[in-house]
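Trainee: Before I ask anything, let me first share the structure, which is written out below as C-alpha cells.
The values are calculated or read from the model by the stated rules, or taken from the named source; none is laboratory data. What you see is a predicted model, and the numbers here were worked out from it, not measured in a lab. Surface accessibility is based on the protein's heavy atoms, side chains included, excluding ligands, DNA and RNA. Shrake-Rupley method; radii C 1.70, N 1.55, O 1.52, S 1.80 Å.
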Amino acid sequence: MLLYLQYKFPHVIGVHPTYWSYLIISALIFLLSNKMLKVYKSKVWAIFLISFLNINLIILASRIPLFVNFLVLLLFFGKYIKADNVSLVKRLSLLFLLITLFFVGSKLPLLSGKLDIAKNDERIYHWPTAFKTIADNYFVLGEGLGQSNEVLRREVIKNGDERIRYFGYDLHNQYLRQYIDMGILGIISLLILLFYPIFLSRQKSIFNNEINISFLILFGLGLLSESFLYRLKGIVFFTVISSFLYLRAVNLNKVDDQ
C-alpha cells in the first residue's frame, strides 16, 4: 500500500510523474553536493533522505529520469572514491548499493513493462517528420515560433495516425521542436542556455563542478524526451535551477577575484 501511495502521489497533486522525478533528482543533487552547499549537518538524515528519494524514483519508473539519476550517482560516486580519506570498505559498499538499486529496479513489473514499451515507443512517431522538415528548411531556417505542432497536424491529416497509446502533436523532444520553430539559431540558443553556467565558471576543470555537470546531464537528457521549455512548469523549473547556477558561478568568481 505504501509503495502504491508513493507511486500515485504525483498524480494526486497534479504533477506528471516524469516532472516529479526530475524534481526528486534535483533534490538528490543538492543533497549529494553538501560539501559545497552545506545543505545539512546530520549524515544520518542525509543518507535516509537520499535512500528514500532513490526508492521513490524506482517506484515512479520514469525511464529517462532513472537513467539520468544513475549517471548523476555515478558522477558523485566517482568523485567520492577518488578522495584519499575514503576507505576501501566504504567504496565497495557504495558500489554494491548502486548495483543493487539497478538490479532491484529493473525487476519491478512497472519498470520492466515500461522498458519493453521503450523498444517501440510511440512518442517518437513524429520524429521522422521533424527531421524531414528541418532538412526541407536547409537545416538553417525555422517554421516560426509554435509552428511545429501545425507541421505535425498537417502530417497526421495527410497520412493518418497509426498509434494506439500516445496521440497529439507533441514531439517529446525540445531540441527538434526548437529546431523546427526557430531553425539553427534556435538550437544554438538552447545549447547556450544549457552550457552557459559551465562556461561562466572559472574552475580549472569543469569536471570539478559536480553541480553544474549534474544539472547539465539532467536537462541535456531530459530535453530529449520532454519539451520542457514549451510548458510553464518546465520553464519555471529550468529558470529556477539556471538562475541558481548562474548566481552561484558569479559569487564564486567574485570570491576568486578577492
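Trainee: Pairs LYS158/LYS233; LYS38/LYS82; LYS82/LYS233; LYS79/LYS233: which exceed 28 Å Cα-Cα?
Mentor: Working: LYS158/LYS233 32 Å; LYS38/LYS82 20 Å; LYS82/LYS233 37 Å; LYS79/LYS233 32 Å.
Listed pairs above 28 Å: LYS158/LYS233; LYS82/LYS233; LYS79/LYS233.
Trainee: Turning to a different aspect of this structure: For LYS43, what accessible surface area do you get with a 1.4 Å probe? Give it in Å², rounded to 10.
Mentor: Taking all protein chains as shown, LYS43 has close to 150 Å².
Trainee: Here's a follow-up. Hey, what does the equivalent ellipsoid look like for the range 207-256, semi-axes from the Cα gyration tensor as sqrt of 5 times each eigenvalue, largest first, whole Å? Show your work: numbers first, answer last.
Mentor: Values: eigenvalues 113, 38, 5 Å².
They are 24, 14, 5 Å, listed largest first.
Trainee: Further, regarding this structure: Taking all protein chains together and a probe of 1.4 Å, list LEU200, LEU74 from the most accessible to the least accessible. Write out the running numbers ahead of the final one.
Mentor: Values: LEU200 35, LEU74 75 Å².
Heavy-atom accessible area, descending, gives LEU74, LEU200.
Trainee: Give me the extension gain from VAL15 to PHE96: residue separation times 0.36 nm, minus the current Cα-Cα distance, reported in nm with one decimal. Don't skip to the answer; put the middle values down first.
Mentor: Numbers: separation 81, 0.36 × 81 = 29.16 nm, distance 3.26 nm.
Stretched out fully, the VAL15 to PHE96 stretch lengthens by 25.9 nm.
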